[in-house]
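Novice: First, the structure itself, so that you have it in front of you.
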Amino acid sequence: MTNPGDHIQYLKGVGPKRAHLLEKLGISRIIDIFFHFPRTHQDRCEMTPISRLQANNEEEQTVEASILNIEEKMLNKKLHILTLVVSDGTGYLKIPFFNQRFLKRYFKVENRYIFTGKVQYKYGLQMTQVSHEKISTEMDQNFLNTGRIVPIYSLTDGLSQMQMRRMIKNALETHLSKVPDLLPSDLLDKHSLIQRRDALNHIHFPSTFTDLNKARETLIYEEFFLLQMSIIQRREKEKQTHKSTLSFSSNTQGIMHKFEEKLPFTLTLAQKKVLKEIFKDMTKKNSMLRLLQGDVGSGKTIVAIGAILLAIENGYQVAFMAPTEILATQHFQTLADFFDLFNIKADILVGSTKKSERSKILKKLESFETNVIVGTHALIQDDISFKKLGLVIIDEQHKFGVIQRSKLKHTFSPHVLVMTATPIPRTLAMTVYGDLDVSIIDQLPSGRKSIKTFHIKEKKRQDLYRFIREEVAKGRQAYLVYPLIENSEKIDLKSVENDFEHLCEDIFPDLNCAMVHGKIKSIEKEEQMQLFKEGKVDILVTTTVIEVGVNVPNATIMVIEESSRFGLSQLHQLRGRVGRGSNQSYCFLMGKTKTPESTQRIGVMCETNNGFKIAEEDLKIRGPGELFGWKQSGLPELRLGSLVEDFEKMTVAREDALALFSDPRHCATIQNIWETLHAKYEDKIDMATIA
């Protein structure tokens with residue numbers, strides 16, 4: 001007797017060879033095959049008389065007919081043709097099968113069958129690409145391949161639709177009764193949903209499209225409900241395993257006042273609101289785990305400085321992590337000006353830090369001479385020891401690998417503030433970041449002007465160069481961003497190194513140009529960036545190394561070559577390197593749009609500067625991708641539901657999951673759901689928590 005949790009090879013009709021093929025589709029246990037949902041369904045219920053078949057029609061057509069004759073030919077050693085001549089009384093139809101000798105034993109003259117396929121006229125009517133089903137005399141016959149609404153599955157080489165349908169049907173007949181119900185009956189009644197077993201049966205083999213739609217509705221809700229329950233489970237695990245041993249004073253008003261008083265500008269209302277949320281978190285018993293979202297230039301760094309000040313005033317150290325050395329150095333330089341105001345001692349530690357300097361920094365960390373350490377992944381090396389770490393700030397955390405973050409997570413249990421300038425759509429904020437408290441800075445500092453964005457064709461390039469020259473004459477600076485460092489034989493794209501010489505000698509010989517990309521040594525890269533920041537370089541020719549964090553208020557022009565090669569989010573981040581001062585800034589998107597998607601991306605960029613709107617559009621264009629495992633989030637993948645199209649359904653499921661969790665009457669139900677989630681996603685729960 002087999003169980004749903006047994007290996008798929010033990011299902012009737014599978015065996016070791018087919019089990020190997022099914023594993024390529026993510027089906028390793030019998031229960032997994034229930035959730036290999038059809039990618040679509042075809043209506044093969046309607047029978048068409050042979051006399052009314054339409055030849056050369058791309059649509060599949062279905063007939064019910066008897067076999068009059070079976071012809072067999074061998075054209076050569078490699079081509080065997082078995083041809084059926086069938087009739088339904090209104091006409092005749094030929095159905096050829098190539099290199100399928102075994103069918104000769106299956107088809108019998110005078111027996112009736114249902115055939116579905118594409119019809120063409122070739123020396124008479126002929127049907128190809130055929131699915132077939134024998135009509136039995138039994139009253140309860142249940143067709144799988146024709147004469148019904150037929151499921152169409154994603155397959156792998158070596159498996160056919162007919163084989164997949166038969167295996168799933170066998171699984172449903174022998175194991176469906178053992179599949180547990182997960183959703184409480186009151187939720188099913190509340191949303192007019194059906195039982196889980198009925199839904200699984202109808203999603204594969206519906207009798208009507210009404211049954212199919214109801215099954216989809218039920219299973220989509222279940223997906224979202226389990227998704228939200230997994231987020232709740234992660235959050236509860238975080239609370240239990242990361243109870244804070246830190247002790248922060250609840251009197252934060254004095255620190256807030258001191259912070260605002262010394263700043264040379266006024267905080268926006270959004271910044272004040274977010275700071276209050278962070279301060280409140282840091283005085284609670286549980287370690288803070290908060291996501292700070294803010295569009296480019298919204299002032300996230302100032303908020304981070306406020307959190308740093310609170311930690312230091314309470315006697316703790318702070319680690320500030322950035323994904324690249326350029327960004328870490330940029331942050332350190334920006335923070336240093338404010339640290340002087342508050343008498344905060346800080347150091348920077350990156351991969352290129354000299355050994356002797358590194359040793360001095362580590363000793364200062366251990367002895368508490370250093371309050372704040374800014375750095376890259378170099379901060380999570382084994383030999384780094386903090387005297388009293390109380391706060392970790394991670395900037396653009398999606399740029400760090402999961403394993404890198406796991407090392408930090410397993411070493412300390414401080415407050416954690418995650419910052420991102422990549423706006424996250426509401427749907428992903430409720431899923432990928434659903435176990436973090438979210439703060440949003442939705443207001444830009446006063447005096448900032450909207451960046452004007454244009455799509456420029458090649459014939460207008462000289463006009464663009466003249467405009468850059470005019471802006472530089474006013475004392476402004478420009479970025480020219482390229483997708484490649486050097487020319488490639490495989491890809492016909494512009495590159496930094498190839499164009500740099502041309503720009504310097506032929507286009508802007510009288511201007512100061514500099515080049516920065518990933519293959520340049522860190523010291524040289526920092527020198528060039530510093531010259532640009534000081535205004536000694538007019539035009540910086542670069543790759544996407546300047547994508548995040550680089551802050552040069554005097555830069556007002558961003559030119560992105562081969563712009564159709566970049567995603568919306570990346571284009572928005574690059575554009576955010578300008579518009580950081582009071583002068584009008586411009587973004588020019590160069591190159592042809594070669595696909596409908598790239599045309600749509602460029603159109604969105606020219607229409608809006610709103611990062612959150614851009615994020616929503618990006619999600620629609622690209623989709624959420626695989627939301628599981630090593631691709632950052634660790635959440636159960638969605639097989640039926642869509643984060644784009646089914647947002648309202650997910651919102652309902654979230655509300656229901658939170659209500660269920662807070663109701664003590666449902667303890668047994670919650671435990672059952674969590675056991676199901678753990679059994680199914682056991683190998684990914686830990687990576688989920690880290691991500």
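The values are calculated or read from the model by the stated rules, or taken from the named source; none is laboratory data. These numbers come from a predicted model, not from an experiment. A quick note on method: Cβ atoms are made from the backbone with ideal geometry, for glycine too, and the neighbour counts reach across all protein chains shown.
Novice: Within the range 3-16, take every residue that is touching a residue at least 40 places away in the same chain (Cβ under 8 Å) and not β-branched (Val, Ile, Thr) and give me the one that is farthest from Ser154 (Cα to Cα). Explain how you work it out, then say what you get.
Specialist: Restricting attention to the range 3-16, the residues satisfying the condition of being touching a residue at least 40 places away in the same chain (Cβ under 8 Å) are 3-5, 11-14.
If we keep only those that are not β-branched (Val, Ile, Thr) too, we end up with 3-5, 11-13.
Numbers: Asn3: 25, Pro4: 21, Gly5: 22, Leu11: 19, Lys12: 20, Gly13: 19 Å.
Taking the candidates together, the pick is Asn3.
Novice: In the range 1-117, which strands (runs of 3 or more DSSP E) lie fully inside it and hold 3 or more residues that are farther than 30 Å from Asn170 by Cα and of a type outside the set (D, E, K, R)? Break it down stepwise before answering.
Specialist: Numbers: elements: 40-43, 61-76, 79-87, 92-98.
The strands (runs of 3 or more DSSP E) meeting that bar are 61-76, 79-87.
Novice: Specify which of the listed residues (Asn145, Asn213) is polar (S, T, N, Q) and touching a residue at least 24 places away in the same chain (Cβ under 8 Å).
Specialist: Criteria check complete, one pass: Asn145.
Novice: Between residues in the range 501-514 that are assigned by TED's automatic domain parsing to the domain that holds Thr542 and residues that are surrounded by fewer than 16 Cβ atoms within 10 Å (Cβ to Cβ) and at pLDDT 90 or above, which pairs lie under 8 Å by C-beta distance while being six or more apart or on different chains?
Specialist: Pairs that qualify, where the first residue is assigned by TED's automatic domain parsing to the domain that holds Thr542 and the partner is surrounded by fewer than 16 Cβ atoms within 10 Å (Cβ to Cβ) and at pLDDT 90 or above, are Ile507/Tyr465; Phe508/Tyr465; Asn512/Lys536; Ala514/Leu531.
Novice: Is there any pair with a first residue in the range 81-107 that is assigned by TED's automatic domain parsing to the domain that holds Ser66 and a second that is surrounded by 15 or more Cβ atoms within 10 Å (Cβ to Cβ) and of a type in the set (Asp, Glu) whose Cβ atoms are under 7 Å apart and which are 6 or more apart or on different chains, and what are they?
Specialist: Asp88/Glu64
Novice: Given the conditions (1) of a type outside the set (Lys, Arg); (2) out of contact with any Leu (no Cβ under 6 Å at 6 or more places or on another chain); (3) outside the structural domain of Leu391 (by TED's automatic domain parsing); (4) closer than 30 Å to Leu574 by Cβ, report the number of the one that Ile278 does not fulfil.
Specialist: For Ile278, the failing item is (3).
Novice: All but one of (1) closer than 27 Å to Lys592 by Cα; (2) in contact with a helix residue (DSSP H, G or I) (Cβ under 6 Å, 6 or more places away or on another chain); (3) at pLDDT 85 or above hold for Thr542, so report the exception by its number.
Specialist: (2)
Novice: Can you name every residue in the range 359-384 that is assigned to a strand (DSSP E or B) and of a type in the set (A, V, I, L, M)?
Specialist: Across the range 359-384, the qualifying residues are Val372, Ile373, Val374.
Novice: Which is without any contact (Cβ under 8 Å) to a residue 12 or more places away in the chain and under 30 Å from Ala55 (Cα atoms), of Ser160, Ser154, Ser185, Ser131?
Specialist: Exactly one of Ser160, Ser154, Ser185, Ser131 is without any contact (Cβ under 8 Å) to a residue 12 or more places away in the chain and under 30 Å from Ala55 (Cα atoms), namely Ser160.
Novice: Applying the selection to the range 192-230, what residues are more than 23 Å from Pro151 (Cβ to Cβ) and either touching a helix residue (DSSP H, G or I) at 6+ places or on another chain (Cβ under 6 Å) or crowded, with 21+ Cβ neighbours inside 10 Å (or both)?
Specialist: In the first step, residues of the range 192-230 are kept if they are more than 23 Å from Pro151 (Cβ to Cβ); the result is 192, 225, 227-230.
Those that are more than 23 Å from Pro151 (Cβ to Cβ) and either touching a helix residue (DSSP H, G or I) at 6+ places or on another chain (Cβ under 6 Å) or crowded, with 21+ Cβ neighbours inside 10 Å (or both): Phe225, Leu227, Gln228, Met229, Ser230.
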